[in-house]
1. Give region 175-197 a look and list any residue that's assigned to a helix (DSSP H, G or I) and more than 20 Å from residue 304 (Cα to Cα), or say none.
2. It is to be established whether one or more residues within region 60-77 are within 16 Å of the ligand (Cβ to nearest atom), assigned by TED's automatic domain parsing to the domain that holds residue 340 and closer than 30 Å to residue 174 by Cβ.
3. Could you tell me which of the residues 129, 25 is outside the structural domain of residue 298 (by TED's automatic domain parsing), in contact with a strand residue (DSSP E or B) (Cβ under 6 Å, 6 or more places away or on another chain) and surrounded by fewer than 24 Cβ atoms within 10 Å (Cβ to Cβ)?
4. Condition first: touching a helix residue (DSSP H, G or I) at 6+ places or on another chain (Cβ under 8 Å), within 16 Å of the ligand (Cβ to nearest atom) and farther than 15 Å from residue 94 by Cα. Can you find one or more residues in region 43-52 that meet it?
5. List the number of the failed condition for residue 15; all other conditions in (1) within 26 Å of residue 109 (Cα to Cα); (2) assigned to a loop (DSSP other than H, G, I, E, B); (3) touching a helix residue (DSSP H, G or I) at 6+ places or on another chain (Cβ under 6 Å) hold.
Ligand SMILES: *Cc1c(COP(=O)(O)O)cnc(C)c1O
């Protein structure tokens, strides 16, 4: 990364003048926080005592048999809250307190990031306000209930398509007027600098732990890392600590939706083109006129038209490979992991399993593949059962 927050051609700060001071202060605050050993020790303590780190690295014997190599699963599904999101929200909430901020705001689509933010707000005693598209509120009532139970206030955003990108705009508008008192807790490794770097650093605990755990369990580092990509935070967190090891290959798995040829998907790195969204230059799904495209995925967490700038750069460099899997393949992979290993993954994480299945036979029997299970599947059971005509 360059000092102005670029990864190759991507990244940067594409913001109205009124927000520049807020991100520059955040950048300075984060630099101090990162180098402050007392602050880092406190983050480590919360990650261990509150969130439940380290999460296990689980050997998957039957998947290993099926794929023809040694497969391990990095179990972010076992983190408090049921997904990797808490690594980031804990880090940013402690940073907010460190910078003297007294209020947290966040955007949320399906509500998972809103819940993870509400959790840390309650844990650290910081009031939380969540912006959520009105259409998403109707679809995700249970997560709205969770956020409110945790003490957060949820604002319905009625503008535009009443979904995630309108919620981001509303949160940015709030922050423009409130940045002296308020931290904007962004949910993925995208957005203007310093967010992509900061969120990567908070999620890199995944990739750092798995290296040590793999060495301890198998006597050597992995040969292939696999993770799903929405905005890209669990993927960059899995990959970042291993980027300097040229022998470790990396595969990002995107939402192929109804198939990448249908236009009904969220496969930004596979099918997108460079453009600016939410303050950063990265790959983007857009129509020929440059309008941000409508995306689709059965996994709400992958249903985003942008992607983090560092992943865009890593793909252009050829350092990471990307593939897309369809909704059908992901649902199938969810059932496969459940039956073969006794783990029900989130639909997002099931994309990583499906992507790994594409690699069957491409590794030798003694080579090691580590798949990040970004979250658990409980949140998806209701919809899945209903699709199968099961009344729950
Ligand atoms: C939110 C979410 C994702 C997608 O977010 P990234 O920033 O790409 O990691 C993936 N898996 C789960 C379980 C999620 O909740």
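1. Filtering region 175-197 for residues assigned to a helix (DSSP H, G or I) gives 175-178, 195-197.
Correct list: 175, 176, 177, 178.
2. As a first pass, look at region 60-77 and keep what is within 16 Å of the ligand (Cβ to nearest atom): 73-77.
Restricting the remaining residues to those that are assigned by TED's automatic domain parsing to the domain that holds residue 340 gives 73-77.
With closer than 30 Å to residue 174 by Cβ added as a condition, the list becomes 76.
For region 60-77, residues within 16 Å of the ligand (Cβ to nearest atom), assigned by TED's automatic domain parsing to the domain that holds residue 340 and closer than 30 Å to residue 174 by Cβ: present.
3. Numbers: 25 fails: in contact with a strand residue (DSSP E or B) (Cβ under 6 Å, 6 or more places away or on another chain).
Of the residues listed, the single one that is outside the structural domain of residue 298 (by TED's automatic domain parsing), in contact with a strand residue (DSSP E or B) (Cβ under 6 Å, 6 or more places away or on another chain) and surrounded by fewer than 24 Cβ atoms within 10 Å (Cβ to Cβ) is 129.
4. The initial filter retains those residues of region 43-52 that are touching a helix residue (DSSP H, G or I) at 6+ places or on another chain (Cβ under 8 Å), namely 43, 46-47, 50-52.
Retained after the next criterion (residues that are within 16 Å of the ligand (Cβ to nearest atom)): 51-52.
When the remaining residues are screened for being farther than 15 Å from residue 94 by Cα, the result is 52.
There is at least one residue in region 43-52 that is touching a helix residue (DSSP H, G or I) at 6+ places or on another chain (Cβ under 8 Å), within 16 Å of the ligand (Cβ to nearest atom) and farther than 15 Å from residue 94 by Cα.
5. Tallying (1) within 26 Å of residue 109 (Cα to Cα); (2) assigned to a loop (DSSP other than H, G, I, E, B); (3) touching a helix residue (DSSP H, G or I) at 6+ places or on another chain (Cβ under 6 Å), residue 15 fails exactly one: (3).
Here's the yes/no breakdown for (1) over 28 Å from residue 25 (Cα atoms); (2) more than 14 Å from the ligand (Cβ to nearest atom):
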residue: 101; (1), (2): no, yes
residue: 108; (1), (2): no, no
residue: 119; (1), (2): no, no
residue: 122; (1), (2): no, yes
residue: 131; (1), (2): no, yes
residue: 136; (1), (2): yes, no
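The values are calculated or read from the model by the stated rules, or taken from the named source; none is laboratory data. Just so we're clear, the structure is a prediction, and the values are computed from it rather than from any experiment. Virtual Cβ from ideal backbone geometry, glycine too; neighbours counted across all protein chains shown.
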